[in-house]
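Below: the structure, in structure tokens.
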Amino acid sequence: MTTVGFVGLGTMGQPMALNLVRAGTDLVVWNRTASRAEPLREAGAHVAATAAEVFTRAGVIVLMLANAAAADAVLEDADVAGRTVVHMGTISPEDSLRLRSAVHAGGGTYVEAPVSGSRVPAEKGELVAMVAGEPDAIGTVRPVLAPMCREIIVCGPVPDALTMKLATNIFMLSSVMGLVEAFHFAARNNLDLATLRAIVDDSQMTSDISRVKSPKLVDRDFSIQGGAADVLKNLSLVAGAARTAGVSVPLTETMHRLMEETVVLGHGSQDFTAALHALEFRDA
Ligand SMILES: NC(=O)c1ccc[n+]([C@@H]2O[C@H](COP(=O)([O-])OP(=O)(O)OC[C@H]3O[C@@H](n4cnc5c(N)ncnc54)[C@H](OP(=O)(O)O)[C@@H]3O)[C@@H](O)[C@H]2O)c1
């Protein structure tokens, strides 16, 4: 297989890139904050000095960056001619179309592959990738995605994978925010939170994500898996896409307000279950 590049070694990107290198991929990586590349160097990846160097060395380049502005910054100096750019971060469908045009103008190929799943599935190589692009390009990208994902689901042309990702976000975020509200309600009624966790775990309500988030809510462990600031960005993307399409998203609007309060209270870099603080603040 061709040399693979990976740009953006944050909460998600670092474990994803580690899974690639552990699967034997010839990997070249770059991250703006250099220290985050050290675990990759130790695992056997080549650490590039600049993002542009990644594009020089690799044929397929994965971008797992915070937002579209970060992708713009990375692509600014990149020679994409003959390269396949795989955009895995969550951005608006409009920004993805814009990035595709820029990559095509530079002589490259563009594939969207946003993922469902946060830090723990990323560590386990159990993400679900939603993929959009030309069929040939998707064929090229599949073996690159395989070590990071348990499912690779083709959604159609760009930007349908990102629009699909926004749809899945509505369900995922409302289920976790429901859990946060349930724990808040139980705590304020002096119920035993470990018992609530056991009931959720043993019932029809349980899910992979409830089993990850419930212990955090019992222990008030807000260490990051999916960051509150990132969730606020995601909710803004859903709200924007809904406005464009004239679609009602009342749950998204409520969650957006709560997540804004969470970030304003200073919990933006914590896990988004820190929305519990915003509920407690409202009740104080
Ligand atoms: N966390 C989740 O649960 C989750 C799940 C699914 C999808 N996503 C999406 O995946 C993407 C990455 O998420 P994450 O949680 O890994 O975010 P993160 O921990 O904040 O990492 C963001 C990455 O982007 C880089 N970056 C930011 N601005 C940059 C710039 N101007 N130039 C170059 N690099 C820049 C950061 O570099 P530094 O290290 O230098 O800051 C870091 O490598 C986001 O689009 C997010 O919405 C996240």
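The values are calculated or read from the model by the stated rules, or taken from the named source; none is laboratory data. Because the structure is predicted, anything quoted here is derived from the model rather than measured. Because the Cβ atoms are built from the backbone with ideal geometry, glycine has one as well, and the counts that use them run over all protein chains shown. Only protein heavy atoms, including side chains, enter the accessible area calculation; ligands, DNA and RNA are left aside. Shrake-Rupley method; radii C 1.70, N 1.55, O 1.52, S 1.80 Å.
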Handout entry: Glu94 versus Ala284: modelled label distance in nm, points set 7 Å from Cα along the beta carbon direction
Key = 3.7 nm
Exercise for the section: Rounded to the nearest 500, what is the 222 nm mean residue ellipticity of the chain from helices alone, with -39500 (n - 2.57) per DSSP H run of 4+ residues and division by all residues? Expected result: -16500 deg cm²/dmol
Completion exercise
Computed over the chain, protein heavy atoms only, probe 1.4 angstrom, the accessible area per residue in square angstrom equals 46 Å²
Completion exercise
Measure of exposure for Thr2: accessible area at 1.4 Å probe, Å² rounded to 10, is 60 Å²
Fill in the blank from the handout: Pseudo-spin-label distance Ser101 to Glu42, built 7 Å along Cα→Cβ, given in nm, is 4.4 nm
Exercise for the section: Work out the length of the dipole vector of region 96-249 about its Cα centre, built from +1 on the beta-carbon of each Lys and Arg and -1 on the beta-carbon of each Asp and Glu, and round it to the nearest 20 debye. Expected result: 340 debye
Completion exercise
Longest principal axis of the chain (C-alpha) makes with the long axis of helix 193-202 (C-alpha) an angle, in degrees to the nearest 10, of 60 degrees
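For region 1-80, just say rounded, prolate or oblate: build the C-alpha gyration tensor, square-root its eigenvalues into a ≥ b ≥ c, call rounded for a/c under 1.5, and beyond that prolate if a/b exceeds b/c, oblate if not. Provide the component values of the computation, followed by the final result.
Details: a/c = 1.66, a/b = 1.24, b/c = 1.34.
Oblate, because a/c is 1.5 or more while a/b does not exceed b/c.
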Completion exercise
Distance in Å, no decimals, from the C-alpha centre of region 1-70 to the one of region 193-222 is 34 Å
Completion exercise
Expected unfolding gain across Ala69-Val128 under the 0.36 nm per residue rule, minus the alpha-carbon gap, is 18.8 nm
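Given a 1.4 angstrom probe, I'd like the percentage of the accessible area of the chain that is carbon and sulfur, rounded to a whole number.
Heavy-atom surface of the chain belonging to carbon and sulfur, 1.4 Å probe: 54 percent.
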Problem - With Cα atoms, 0 to 90° folded angle of helix 250-262 axis to the chain main axis - result: 90 degrees
